[in-house]
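I have placed the structure first, in the form of structure tokens, so that the comments after it can refer back to it.
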Amino acid sequence: MKTITEPSRQIPVRDEVDVLVVGGGPAGIMAAQAAAKVEGTSVMLLETRGSLGGNMTQGLPLLGFLGRKGNQIIKGLPQQFVDRLTERGQATHHRACPLHVSLTMIDPEGTKYLAWEIMTESGVKVLMYVLVVDVIMEGNEVKGVIIESKKGREAILAKRIVDCTGDGDVAFRSGCEMAYGNEDGIAQPATLMFSMRGVDSRKLRDAVADHPEIYDIDGNILDCARHPEQVVKFKLDKQVFEYDWLNESKNS
């Protein structure tokens, strides 16, 4: 592999905090809030996107608040977060789900706003659009991270760093042993999640389950050429659209 040598340079230290949380998803929000509850603790949260919330504001509902027996197993700060959303009419109750154990539907935009509101209330410093590209080590201890943003390359020093990236980015760069994929090195592909109004999801699941000769487990038509008559109808507002999977065209 062809390489180049990057010249050494002085990197400015942007900030020094007691606790640095990397990743502003559900885990990062809760970690930052919890750390800030300790009096006198300075906390900073780093996020690569332009909003907080991670996967729970990217199309996924909240999962896992209930156990398989229907009892609530997650409480504390996460439940307080949902309670505040519920008070604003932006979250449903926790309900059992045969596919995901439990579901809690939330309003994505309201969730982004509440996450920022809680960070502000807690006194957490938040940096958006920053990517952690390296770590600062002293022996086996992580003393900080190197970030990249529109301002260029900067360093943030911290007494404690909490890796909430979801991919273990900080842990990996600090030398922790990581496993990738299955025994053949093949990783699970990313899933495209989205929301759609006017769809009876129960009927959709039943249709997939009752016709294995047509649909696979994910609801995909097994052979479009053999089933050109399979047209999926869905309702948006008061108009009914038909999607022709074979010709990939929409007709109202």
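The values are calculated or read from the model by the stated rules, or taken from the named source; none is laboratory data. All of these numbers come straight from a predicted model, not from anything done at the bench. Don't worry about glycine lacking a Cβ; one is built from the backbone with ideal geometry, like all the others, and counts go over all protein chains shown. Side chains included, ligands, DNA and RNA excluded: accessible areas come from the protein's heavy atoms. Shrake-Rupley method; radii C 1.70, N 1.55, O 1.52, S 1.80 Å.
In the neighborhood of A158, defined by Cβ-to-Cβ distances under 10 Å, what is the net charge if each Lys or Arg adds +1 and each Asp or Glu adds -1?
0
How big is the charge dipole of segment 59-104 about its Cα centre, in debye rounded to the nearest 20, if each Lys and Arg gets +1 on its Cβ and each Asp and Glu gets -1 on its Cβ?
The dipole of segment 59-104 has a size of about 120 debye.
Write out the trypsin sites (Lys or Arg not before Pro) in segment 20-87 meeting two conditions: DSSP loop, and at most 12 other Cβ atoms within 10 Å of their Cβ.
Hits after loop and neighbour filter: K37, R68, K69, K75.
What accessible area per residue, rounded to a whole number of Å², is obtained for segment 47-144 using a probe radius of 1.4 Å?
Value for segment 47-144: 57 Å² per residue.
As a quick test, which of the pairs K37/K75; K75/K143; K125/K151; K37/K125; K112/K159 have an alpha carbon distance above 20 angstrom in this structure?
With Cα atoms farther than 20 Å apart: K75/K143; K112/K159.
Gap in Å between the Cα centre of segment 12-78 and the Cα centre of segment 131-180?
When both Cα centres are located, 17 Å separates them.
Once Lys and Arg get +1 and Asp and Glu get -1 on their Cβ, which of V17, L103, L131 lies farthest toward the positive end of the dipole of segment 1-145?
Of the candidates, L103 comes out farthest on the positive side.
Select from segment 120-198 those GluC sites (Glu not before Pro) which occupy a DSSP coil region and have at most 16 other Cβ atoms within 10 Å, ordered by residue number.
Here the GluC sites (Glu not before Pro) that fit, given the DSSP loop and packing criteria, are E177, E183.
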